[in-house]
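Notes follow the structure.
The values are calculated or read from the model by the stated rules, or taken from the named source; none is laboratory data. The structure presented is a predicted model; accordingly, all values stated were derived computationally and were not measured. No Cβ is skipped: glycine too gets one built from the backbone with ideal geometry, and neighbour counts run over all protein chains shown. The area values use the complete protein model at the heavy-atom level, side chains included, leaving out ligands, DNA and RNA. Shrake-Rupley method; radii C 1.70, N 1.55, O 1.52, S 1.80 Å.
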Amino acid sequence: HRLLRTYFFEGLTDDKTVSRYDNILGDIAKQSSDRERNADELERAVDDMYMADYMQDHIGEEYDSIVSGVQKYGIFVQLPNYVEGLIKVENLPSDIYEYDEEFDTLFGKNTKAIYRIGTRLHVRCIGASKEARQVDFEQIKTDEQEHQRTR
């Protein structure tokens with residue numbers, strides 16, 4: 001924007017002006033990108049804090065959810081109201097889980113359960129911390145989920 005304003009509105013297109021902007025535009029662009037990234041991170045942190053604050057009044061409640069992310073330590077689920085939280089591996093049905101990074105899945109060796117983005121789960125909120133900006137869930141098995149697994 002500075003460059004456009006200088007060229008078009010101030011009419012400065014001489015070699016001195018061009019040379020000056022050649023020397024500083026890289027730094028200006030980097031600073032703008034850094035500031036935008038910081039603003040995005042802050043926005044996500046505030047959203048996470050508000051979600052956790054909201055869910056503190058809903059601990060123990062059950063929800064239908066969809067898996068929105070998979071990691072070796074657990075799966076992220078999103079509720080229909082866009083609240084997102086984590087089901088740690090220890091809060092999944094008892095099994096030995098293997099994480100497949102290539103296919104972004106968590107696989108239960110004994111139950112043959114497969115968790116991937118898009119998997120629908122019934123969950124219960126078991127914790128929410130505004131300070132940690134975190135919502136924790138556990139999976140609740142349903143007859144429908146058992147039926148889907150055996151198909």
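Okay, here's what the table says:
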quantity	calculated
Paramagnetic label zone (point 7 Å from Cα along Cα-to-C-beta, Ser129; backbone N under 14 Å) in region 70-86	86
Tilt relative to the chain, helix 15-55 - C-alpha long axis, 0 to 90 degrees, to 10	30
Over the chain: Kirkwood hydrodynamic radius from C-alpha pairwise inverse distances, Å	18.7
Efficiency of FRET between Asp53 and Ile117 - r from beta-carbon atoms, R0 22 angstrom, step 0.05	0.25
Set Lys72/Lys109; Lys72/Lys141; Lys109/Lys130 screened for pairs whose C-alpha atoms are more than 24 Å apart	Lys109/Lys130
Accessible area of region 26-76 divided out per residue, in Å², using a probe of 1.4 angstrom	69
Inter-probe distance in nm under a simple model that places probes 7 Å from Cα toward Cβ, at Asp100 and Glu84	2.3
Percent carbon-and-sulfur accessible area, the chain, ignoring ligands, DNA and RNA, probe 1.4 Å	48
Per-residue [θ]222 nm for the chain (sum of -39500 (n - 2.57) over DSSP H runs n ≥ 4, rounded to 500)	-11500 deg cm²/dmol
Prolate/oblate/rounded label for region 23-73 (Cα gyration tensor, a/c 1.5)	prolate
Test item: Cα-centred dipole of the chain, Lys/Arg +1 and Asp/Glu -1 on Cβ, debye	240
Mean separation of Cα contacts under 8 Å (6+ apart) over length of the chain, as relative contact order %	23
